[in-house]
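One structure is given below, encoded as structure tokens.
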Amino acid sequence: MMIFLLCLTSKAQQEAGTWAVQVRLGMNVSGFTSYKFAHRTYSNDVSADPRIGMHFGLEVERQLTDVFGLAAGAQYSMQGDKEKAKVMGYNFGMTNKVDYINIPLLAKFYVSRRLALKAGLQPAFCVRKVYDDGIKLSKIGVHVRDFDLAIPVGIAYEFANPSRIGLTVEARWNMGLLKMAEGTDPDGDTPHNSVFQLSLGYRFSL
């Protein structure tokens, strides 16, 4: 595998010292590594599904060598999950809407001329903490923390022309490092954010 990557890397021909900006828009499939929110206090019959949302933002890139660069950006990310509970024979459902401003800080490594791997750290600031009808999660005993930190890992393919202007497609997984909420489970459950992102971007040189 290492020999294969080295062979690919030898064909990468990115221009060192250049700057670029990428505007991104895409879909989120989000959830929590442990989802036991307030329904847990009423019933053990609880299940969870991902919340489908979207994200949008921009990133600025600096190419340090012909194969390695750095990127930093900001994006609005609609996250959370959907929960179902059965209480006294009745089915209840709710969508936890927990949205963030993410600040991805990424290292970018080209394994070929157009294909790049990305990884780094992502501070995030929570800007929305509600469920279905707009009631704050804190009203049902769930206190979402204002700050989160994740490890983003992704792969991107660039359809850029020689002037490095063009479309990009990227898949990224954000793995939460911190407990994102308090008061979620009387048994001491510790939920973390887990978000898969698929995005389309437009990239242009500065």
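The values are calculated or read from the model by the stated rules, or taken from the named source; none is laboratory data. What you see is a predicted model, and the numbers here were worked out from it, not measured in a lab. Note: ideal-geometry Cβ built from the backbone for every residue, glycine included; neighbour counts use all protein chains shown. Quick note on the areas: whole protein, heavy atoms, side chains included, nothing else; ligands and nucleic acids left out. Shrake-Rupley method; radii C 1.70, N 1.55, O 1.52, S 1.80 Å.
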Residue set 53, 57; condition touching a Ser or Thr at 6+ places or on another chain (Cβ under 7 Å) and either assigned to a strand (DSSP E or B) or in contact (Cβ under 8 Å) with a residue 24 or more places away in the chain (or both); output residue 53
Filtered residues of region 48-85 (kept if within 30 Å of residue 96 (Cβ to Cβ) and of a type in the set (A, V, I, L, M, F, W, C)): 48, 52, 54, 56, 58, 71, 72, 74, 78, 85
Need a quick list: strands (runs of 3 or more DSSP E) entirely within region 90-165 having at least 1 residues that are open to solvent by 70 Å² or more (accessible area, probe 1.4 Å), modelled with pLDDT of 95 or more and closer than 21 Å to residue 80 by Cβ. 115-131, 147-158
Starting from residues that are open to solvent by 30 Å² or more (accessible area, probe 1.4 Å) and in contact with a Leu (Cβ under 9 Å, 6 or more places away or on another chain), keep the ones in region 184-201 and report whichever is modelled with the lowest pLDDT. 192
Among the numbered conditions (1) over 13 Å from residue 193 (Cβ atoms); (2) modelled with pLDDT of 95 or more; (3) open to solvent by less than 20 Å² (accessible area, probe 1.4 Å), tell me where residue 37 comes up short. (2)
